[in-house]
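The values are calculated or read from the model by the stated rules, or taken from the named source; none is laboratory data. Just so it is clear, the structure is predicted and the values come from calculations on it, not from any experiment. Cβ placement follows ideal geometry from the backbone for every residue including glycine, while neighbour counts extend to all protein chains displayed. Ligands, DNA and RNA are excluded from the accessible area calculation, which covers all protein heavy atoms including side chains. Shrake-Rupley method; radii C 1.70, N 1.55, O 1.52, S 1.80 Å.
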Amino acid sequence: MSSLYRLIDNSNSVTYKLPEWESILEKYHREVSENDVWEIARDYKEFPMLENIYQMLVLHNLEDIFFNETGLDYECINIFTWVNGIDTHLVIDGDDIATYQEFIDVLGKYKKH
């Protein structure tokens with residue numbers, strides 16, 4: 001396990017939803033690598049909260065999965081993400097997605113059949 005993942009695992013600065021979101025990425029064969037996080041962190045003038053960068057990248061992947069699976073465009077649905085330590089959210093059309101099942105349910109609601 002990399003030092004970044006040890007930092008995130010031991011952090012009180014990430015949402016309780018993160019393990020569920022990571023399980024979604026795993027099911028879709030996606031991951032956020034340590035290199036992905038450091039690539040973004042390098043652009044900061046002051047040392048950033050790596051946990052927030054990691055959560056942001058996880059949320060971007062979840063959004064990408066949602067749009068790929070549903071075939072919707074960004075203009076067709078309201079998706080709100082907020083990253084701020086433990087106060088981090090993924091809201092799809094008013095539904096705050098906290099679990100794998102909630103994500104699957106919202107996919108089913110909007111997926112082309």
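Projecting the Cα atoms of 29, 108, 61 onto the charge dipole of the chain (Cβ charges, centred on the Cα centre) puts 29 farthest toward the positive pole. Computed over protein heavy atoms with a 1.4 Å probe, the carbon and sulfur contribution to the accessible area of the chain reaches 48%. In the context of the full protein assembly, residue 112 retains an accessible surface of approximately 150 Å², using a probe radius of 1.4 Å and ignoring ligands and nucleic acids.
With a 1.4 Å probe and every protein chain left in place, work out the accessible area per residue of segment 6-113 in Å², rounded to a whole number.
Details: 6670 Å² over 108 residues.
Spelled out: the 1.4 Å probe surface of segment 6-113, per residue, equals 62 Å².
The alpha-carbon of residue 17 sits under 19 angstrom from the alpha-carbons of these aspartates and glutamates, leaving out residues fewer than 8 places away in its chain: 9, 26, 31, 51, 63, 64, 87, 93, 95, 96, 102, 105. The charge dipole of segment 43-82, taken about its Cα centre with unit charges on the Cβ of Lys, Arg, Asp and Glu (plus for the first two, minus for the last two), comes to roughly 120 debye.
Each Lys and Arg Cβ is given +1 and each Asp and Glu Cβ -1; about its Cα centre, the chain then shows a dipole of about 120 debye.
Work out, in µm²/s and without decimals, the Stokes-Einstein translational diffusion coefficient of the chain at 25 °C, 0.890 mPa s, Rh from Kirkwood over C-alpha pairs.
On the way: Rh = 14.7 Å.
Rounded, D is 167 µm²/s.
For the chain, the longest principal axis of the Cα atoms and the long axis of helix 50-70 meet at an angle of about 20 degrees.
Phi angles across segment 87-102 convert, under the Karplus curve 6.51 cos²θ - 1.76 cosθ + 1.60 with θ = phi - 60°, into 3J(HN,Hα) values of 8, 10, 9, 10, 10, 10, 6, x, 9, 7, 8, 10, 10, 4, 5, 4 Hz, Gly and Pro given as x. Largest GNM mean-square fluctuation among 84, 35, 52, using the chain with Cα springs under 10 Å: 35. With a cut-off of 14 Å between beta carbons, the residues surrounding residue 23 carry a summed charge of -2, where Lys and Arg count +1 and Asp and Glu -1. Over the Cα atoms of segment 26-83, the radius of gyration divided by the Kirkwood radius equals 1.04; this is the Rg/Rh ratio.
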